[in-house]
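Worksheet: the structure to be examined is printed underneath.
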Amino acid sequence: MRIYYQGKTDYVLLDRIPSIHKRDWIGDLQQDIYVLNPEVNKVIREILFSTRDWVQSKVLQGHSISVKEIKEHLQGAKTNETFNEFVDRFIRNINKRRSDSEKLAYRTIQTYRSFEFLLNEFRSSIRFDELTPSFAYDFERFLAIDKNQRGVTRSKNFHKFKICYRAAKKEGYVLLDDKIMFDDIKIKEEKSRRVSLTQSELRTLRDTALPDQRDEYFKNVFFFACMTGLYYSDIRQLTHANIEEVEIEDKHGKKSVSYITGLRSKNEEEFVIPIFPDTEKILLEYTSWKGENGKEILFDSLISDQKFNAKLKSIASQLGIDKRLSAKVARHTFAELMISMGVPVKKVGRALGHQLSSTTEVYGRQSKASAIRGWIDFKL
């Protein structure tokens, strides 16, 4: 390929352009020649457009460009590996050079896999020289418009793209700086409002029997989640070994108290949750935890997270609850209920398995019941 820029010329050999039969060429070799093969034309056009974007970006940033730099940019994309393949390799090796304390949790790696799925859906084979500011903008628009992702979710996926791009730059596959690639893309993160159930809605959930036994079962599993703050994925892994007893002494004497303990699948933080009477009632009805030990799963008929959330939509409609129920709503409900009842934030955080108390404090700030606690009666 001939490079001509500011009166200077050079040539670069691009391995990724397939061999072209002489019948696909027309024109004068000494002047203009044209390729008739559409597949070859497509490759050449993509190279020209991406290189043009790269040159324009550098010029707009005030950098001087030479023919030599353009040639190096084109040669830098000679690897046969695509960016999609690089992302897969990056995720597979993400924990290899980390110490045990720094290793990413399984669920965090899964968020990288979710980003990878979206990237492959956007474009299944991305060359490194295609990674330009216009590509970054198009991918962000794909997340916003095609996938209808709101601020926080879109920002998280786009941040994964940035991390993978920086890793590719570190290995020398791309040349553009972060500022050139991403500075013009601003994603406004809307303030998240956590949906939770009121005490009245919780009573409706507990006391209203559904005609379909399967719906009734999952309604009670959801209520169990509301009263424990456990992730649905953690509930699916609960065994008899997760329920322990301890003797405590108060002004009424000694008594045995049962609680649920274990490690969160998301960050492997320990959770310790008391078993309330309503929680115990569900355990007695749907499990055989009393007097048994071992690795037997407590709830042995649970479906996937996606199917569970879909089932909750039908349950909410049947109960007349005008909220979009999901497994996360149960967790938010537990946190806000406990804080509104005066349970210390640190204890609630321990039950939820939060690493930072600031994460738990968000629930306290959003709880309306907590906001009005302690105010005196007022009359005119």
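Scanning the range 313-349 for residues that are under 21 Å from the mean Cα position of the chain (by Cα) and open to solvent by less than 50 Å² (accessible area, probe 1.4 Å) yields Leu325, Ser326, Ala327, Val329, Ala330, Arg331, His332. Under the condition of being farther than 16 Å from Tyr112 by Cβ and either surrounded by fewer than 19 Cβ atoms within 10 Å (Cβ to Cβ) or β-branched (Val, Ile, Thr) (or both), the residues counted in the range 136-153 number 12. Of all residues in the range 224-252, those that are free of Cβ contacts under 8 Å to residues at least 40 places away in the same chain have Cβ atoms under 8 Å from Cβ atoms of residues that are assigned to a loop (DSSP other than H, G, I, E, B), 6 or more apart or on another chain, in Asp234/Arg264; Asp234/Ser265. For the range 100-114, does any single residue satisfy the condition of being among the small types (Gly, Ala, Ser), surrounded by 12 or more Cβ atoms within 10 Å (Cβ to Cβ), in contact (Cβ under 8 Å) with a residue 60 or more places away in the chain and under 21 Å from Asn267 (Cβ atoms)? Within the range 100-114, one or more residues are among the small types (Gly, Ala, Ser), surrounded by 12 or more Cβ atoms within 10 Å (Cβ to Cβ), in contact (Cβ under 8 Å) with a residue 60 or more places away in the chain and under 21 Å from Asn267 (Cβ atoms).
Considering every residue within the range 365-373, establish whether at least one is part of a helix (DSSP H, G or I), touching a helix residue (DSSP H, G or I) at 6+ places or on another chain (Cβ under 6 Å) and modelled with pLDDT under 65. Yes, there is a match, as at least one residue in the range 365-373 is part of a helix (DSSP H, G or I), touching a helix residue (DSSP H, G or I) at 6+ places or on another chain (Cβ under 6 Å) and modelled with pLDDT under 65. Restricting attention to the range 260-273, the residues that are open to solvent by 50 Å² or more (accessible area, probe 1.4 Å) and assigned to a strand (DSSP E or B) total 2. Set side by side, the residues Arg107, Arg150, Arg113, Arg123 differ, and just one is closer than 21 Å to Arg89 by Cα and modelled with pLDDT under 90, which is Arg107. Please work out if Asn120 is under 22 Å from the mean Cα position of the chain (by Cα), open to solvent by 70 Å² or more (accessible area, probe 1.4 Å) and polar (S, T, N, Q). No: the conditions fail for Asn120. Please verify whether Lys96 is surrounded by fewer than 12 Cβ atoms within 10 Å (Cβ to Cβ), assigned to a loop (DSSP other than H, G, I, E, B) and modelled with pLDDT under 95, treating the condition exactly as stated. Criteria met by Lys96. Residues in the range 193-202 that are surrounded by 12 or more Cβ atoms within 10 Å (Cβ to Cβ) and under 23 Å from the mean Cα position of the chain (by Cα) were compared, and the one that is modelled with the lowest pLDDT is Arg194. Would a scan of the range 217-240 turn up a residue that is assigned to a strand (DSSP E or B), within 15 Å of Arg350 (Cα to Cα) and either at pLDDT 85 or above or out of contact with any helix residue (DSSP H, G or I) (no Cβ under 9 Å at 6 or more places or on another chain) (or both)? For the range 217-240, residues assigned to a strand (DSSP E or B), within 15 Å of Arg350 (Cα to Cα) and either at pLDDT 85 or above or out of contact with any helix residue (DSSP H, G or I) (no Cβ under 9 Å at 6 or more places or on another chain) (or both): absent. Using the structure shown, decide if Leu205 is in contact (Cβ under 8 Å) with a residue 24 or more places away in the chain, surrounded by 14 or more Cβ atoms within 10 Å (Cβ to Cβ) and either in a helix (DSSP H, G or I) or in contact with a helix residue (DSSP H, G or I) (Cβ under 7 Å, 6 or more places away or on another chain) (or both). Considered against the rule, which asks whether it is in contact (Cβ under 8 Å) with a residue 24 or more places away in the chain, surrounded by 14 or more Cβ atoms within 10 Å (Cβ to Cβ) and either in a helix (DSSP H, G or I) or in contact with a helix residue (DSSP H, G or I) (Cβ under 7 Å, 6 or more places away or on another chain) (or both), Leu205 comes out as yes.
Condition test on Thr287, is it free of Cβ contacts under 8 Å to residues at least 24 places away in the same chain, buried (at least 16 other Cβ atoms within 10 Å of the Cβ) and hydroxyl-bearing (Ser, Thr, Tyr)? Against the criterion (free of Cβ contacts under 8 Å to residues at least 24 places away in the same chain, buried (at least 16 other Cβ atoms within 10 Å of the Cβ) and hydroxyl-bearing (Ser, Thr, Tyr)), Thr287 qualifies.
The values are calculated or read from the model by the stated rules, or taken from the named source; none is laboratory data. Keep in mind the model is a prediction, meaning the values are calculated, not measured. Neighbour counts are summed over all protein chains in view; Cβ atoms, including those assigned to glycine, are modelled from backbone coordinates with ideal geometry. Surface accessibility is based on the protein's heavy atoms, side chains included, excluding ligands, DNA and RNA. Shrake-Rupley method; radii C 1.70, N 1.55, O 1.52, S 1.80 Å.
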